[in-house]
Amino acid sequence: MLSGLNPTQKGIFLAVCGFSAFAVSDACAKWLSPAYPVFTIVGFIALFSVITGLVASPLLGGLQRTLRTEKLWVHTGRGASNILLCYFAVLSFAHIPLADVYTILFLAPFLVTLLAAPIYGEKVDRGSWGIIALGFSGILIAYPPGLAEFSPWIFAPFAATVFIASLGLLARKLGPDETVLSLSFYPSLFSVLAFVPVSVWGGQWPAIADVPVFILGGVMITVGLSGIAGAFRIAPYALVSPFNYLQMIWALLLGALVFDEMPTLNMLLGAAVIIGSGLMLVRKVRGA
């Protein structure tokens, strides 16, 4: 199907599929949240993600190559980050509208840029500092001080954002020798090991009627991680990154059609500032 496309076109296609898949997986987690605790949702979605990866392993670099990695410590760090990311993300989806959560999660690229300076020695020039400050100001627009509807659950997506940044920073340590499978297999495996035993011990199992939703969530995580990894490997970073913001479109659509959620004007304006700043930062990196 992709044989007639050039690398850039393939990268765009994979990015659209990957970021859209994440939005679907997040919607699955939100759909399940009224009936299950967080650890059950995360654990069993991750379990089906691992199974999906194993089934598709011949297409994603092979299981043997994945297990022979020389960067196990990096995968361990990413696995630990994913445990906390998934926990706080699902907690966010359970209590906050999808679009509101994504507005905050979109701060992750700014956080990566800030942390890359002390960790990797990357320079952040004055222009980038201004763009980052503008991006963070979007939160003040989305959540004005003194907002009557303020919810303490809002801290959950902020915590998830920190661990998204951690996953991104650690991914820089993984070279081209690592398989695409490894990028979904290890994070999901760590979540399975952390959450499934807790769920089983507590007698929490997916109901038969909900198993398709768990499966869909797991498949979409593997598609998301694999698609985005593939996109970044064959297409320019500055071209692929903006497709991340497709998730907001999906969040607005799924939020309205499935969960009867309508964002406030402040939320839309704040999201627009954050997304616009993110695009400016990508463009600046591309021109550097």
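In terms of surrounding Cβ atoms within a 10 Å radius of their Cβ, S137, S25, S128 rank from fewest to most as S137, S128, S25. FRET efficiency for the pair A56 and R233, taken as 1/(1 + (r/R0)^6) with r the Cβ-Cβ distance and R0 = 22 Å, rounds to 0.85.
Mean-square fluctuations from a GNM of the chain, with a 10 angstrom spring cutoff on Cα atoms, peak among P58, P37, P152 at P152.
Sorting C17, C86 by the number of Cβ atoms found within 10 Å of their own Cβ, with the fewest placed first, yields C17, C86.
Give the shape of region 98-212 as rounded, prolate or oblate, defined through the alpha-carbon gyration tensor: a ≥ b ≥ c are the square roots of its eigenvalues, a/c under 1.5 means rounded, and otherwise the shape is prolate if a/b is larger than b/c and oblate if not. Oblate, because a/c is 1.5 or more while a/b does not exceed b/c. Each 10 Å bin from 0 upward holds the following percent of the Cα-Cα pairs of region 194-240: 23, 30, 24, 16, 6. Within the chain, the longest run free of trypsin sites (Lys or Arg not before Pro) that sit in a DSSP loop with at most 16 other Cβ atoms within 10 Å is 174-288. Modelled label positions at V198 and L72, each set 7 Å beyond Cα in the direction of Cβ, lie 2.5 nm from each other. Calculated [222 nm] ellipticity per residue, helices only, for the chain: -24500 deg cm²/dmol; basis is -39500 (n - 2.57) per DSSP H run with n ≥ 4, divided by all residues, nearest 500. First obtain the Kirkwood hydrodynamic radius of the chain from its Cα pairs, then insert it into the Stokes-Einstein equation at 20 °C and 1.002 mPa s, and state the resulting D in µm² per second as a whole number. It comes out at roughly 110 µm²/s. Placing dummy labels 7 Å off each Cα toward the beta-carbon, the span from M262 to T8 is 4.2 nm.
Rule-based calculations on the coordinates, nothing more; no lab input. Since we're looking at a predicted model, the values are computed, not measured. All Cβ positions, glycine included, derive from the backbone under ideal geometry; neighbour counts span all protein chains shown.
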